[in-house]
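Peer 1: Can you keep this structure in mind? I'll have questions shortly.
The values are calculated or read from the model by the stated rules, or taken from the named source; none is laboratory data. It should be emphasised that the depicted structure is a prediction, and the values quoted were computed from it without experimental measurement. Positions of Cβ are generated from backbone atoms using ideal geometry, with glycine treated the same way; all protein chains shown enter the neighbour counts. Remember, those area values only see protein heavy atoms, side chains included, never the ligands or the DNA or RNA. Shrake-Rupley method; radii C 1.70, N 1.55, O 1.52, S 1.80 Å.
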Amino acid sequence: MTMADTVDLFSATARRQRVVDWQAPGPVAKAAAGMSGLETMCAIRDGIMPPPPMARLIGFRMAVAEPGRIVMELDPHESLENTIGLLHGATSAALLDTAMGCAIATMQPAGQTSVTLDLKLTFLRPLSVRSGTIAAEGKVVKLGRQTSYAEGFVRDGVGDLAVHATATFSMIPGGNAK
């Protein structure tokens, strides 16, 4: 490949642009302060409350919110790809961290929250823009007073398992995550 060929690869026709808008998280957190985690997740799922900024940035949405279980969906786009044409692993990590954390939240009363202590992912098959709608499911394994555990699964558009995850969450009474 010559230098001229390389320049052609990076021409203006190859450039893309995305514009992302989001709701500042502070007012949303304030509005959710008196709601249980399940009420908050249902309000986000139903469009009553806006999703978190990260969901807008990546482009995923909450499809299922029920006690102990959340499903996030993503229609993959090339802005999430790495240089070899696959979705970057951080995409699945963000989906799973969110789905599992939200699953824990569905079991929490108003005023309580949690934060991720650890997140372990096992990548079983690659994902790409050709994978179809990707579904990330988070399920509560054990809800504890100080520590809770969740399991997650990312499946491609035909339902094949692509990523498996486990996570530990620290429970924070009073909703203060500072």
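Peer 1: With the chain treated as a Gaussian network of Cα nodes joined by springs under 10 Å, which of 151, 78, 39 yields the largest mean-square fluctuation?
Peer 2: Evaluated over the chain, the most mobile residue of the options is 78.
Peer 1: With all protein chains present and a 1.4 Å probe, how do 156, 75 order by accessible area, largest first?
Peer 2: On the way: 156 25, 75 75 Å².
Putting 156, 75 in descending order of accessible area: 75, 156.
Peer 1: For residue 77, what accessible area in Å² do you get when you roll a 1.4 Å probe over the heavy atoms of the protein chains, rounding to the nearest 10?
Peer 2: It works out to around 50 Å².
Peer 1: Right, another one. On the Cα set of region 19-62, report Rg and Dmax in Å, please.
Peer 2: According to the Cα coordinates of region 19-62, Rg and Dmax are 10.3, 32 Å.
Peer 1: Across every pair of different alpha-carbon atoms, what Kirkwood hydrodynamic radius in Å does region 31-127 reach?
Peer 2: Working: mean 1/r = 0.0701 Å⁻¹.
After inverting the mean inverse Cα-Cα distance, the result is 14.3 Å.
Peer 1: What helices in the chain pass both tests, a Cα length along the helix axis of 18 Å or more and a mean Kyte hydropathy of -0.5 or higher, using whole DSSP H runs?
Peer 2: Working: long enough: 89-105 (24 Å, 1.22).
For the chain, where a helix must reach 18 Å along its axis and average at least -0.5, the hits are 89-105.
Peer 1: Now a separate question. Could you point to the residue in 144, 122, 158 farthest towards the positive end of region 92-178's charge dipole, with +1 and -1 charges on the Cβ of Lys/Arg and Asp/Glu respectively?
Peer 2: Checked the options; the winner is 144.
Peer 1: Determine the dipole magnitude for region 40-139: charges of +1 sit on the beta-carbon of Lys and Arg, -1 on that of Asp and Glu, nothing else is charged, the reference point is the Cα centre, and the result goes in debye to the nearest 20.
Peer 2: Numbers: 8 positive and 9 negative charges, 23 e Å.
Computed about the Cα centre, the dipole is about 100 debye.
Peer 1: Still on this structure: Where is the GNM fluctuation largest for the chain (alpha-carbon springs, 10 angstrom cutoff): 14, 32, 24?
Peer 2: Highest fluctuation among the options: 14.
Peer 1: Let me know the Rg and Dmax you get for region 90-150 when you use only its Cα atoms, in Å.
Peer 2: Cα radius of gyration and Dmax of region 90-150 are 13.3, 42 Å respectively.
Peer 1: So, for the chain, what is the accessible surface per residue at a probe of 1.4 Å, expressed in square angstrom? Mind showing how you got there, number by number?
Peer 2: Numbers: 10190 Å² over 178 residues.
Here the per-residue accessible area is 57 Å².
Peer 1: When only Cα pairs under 8 Å and 6 or more residues apart are kept, what is the percent relative contact order across the chain?
Peer 2: On the way: 362 pairs, mean separation 36.7, N = 178.
Relative contact order comes out at 21 percent.
Peer 1: Could I ask something else about it? Spelling out what I want: for every residue of region 132-145, take phi, set θ = phi - 60°, compute 6.51 cos²θ - 1.76 cosθ + 1.60 (Karplus), and round to whole Hz; glycine and proline get x.
Peer 2: So the Karplus estimates, Gly and Pro as x, are x, 5, 8, 10, 10, 10, x, 10, 6, 8, 8, 9, x, 6 Hz.
Peer 1: Size of the dipole of the chain about the Cα centre, Lys and Arg at +1 and Asp and Glu at -1 on the beta carbon, nothing else charged, in debye to 20? Don't skip to the answer; put the middle values down first.
Peer 2: Values: 16 positive and 16 negative charges, 97 e Å.
In debye, rounded to 20, the chain gives about 460.
Peer 1: Right, next: Got a number for carbon plus sulfur as a percent of region 30-178's accessible area, 1.4 Å probe?
Peer 2: Numbers: 4120 of 7430 Å².
Here it works out to 55 percent.
Peer 1: Quote the Stokes-Einstein diffusion coefficient, in whole µm² s⁻¹, for the chain, based on the Kirkwood radius over alpha carbon pairs, a temperature of 4 °C and a viscosity of 1.567 mPa s.
Peer 2: On the way: Rh = 17.3 Å.
Approximately 75 µm²/s, per Stokes-Einstein.
Peer 1: If the chain between residue 48 and residue 86 were fully stretched, how many nm would it gain, using 0.36 nm times the residue separation less the Cα-Cα distance? Don't skip to the end; give the middle numbers.
Peer 2: On the way: separation 38, 0.36 × 38 = 13.68 nm, distance 3.35 nm.
Working it through step by step, the gained length comes to 10.3 nm.
Peer 1: OK, next. Can you give the relative contact order of region 19-74 as a percent, counting alpha carbon pairs under 8 Å and 6+ residues apart? Each step should come with its number before you reach the end.
Peer 2: Details: 54 pairs, mean separation 18.2, N = 56.
So the answer I get is 33 percent.
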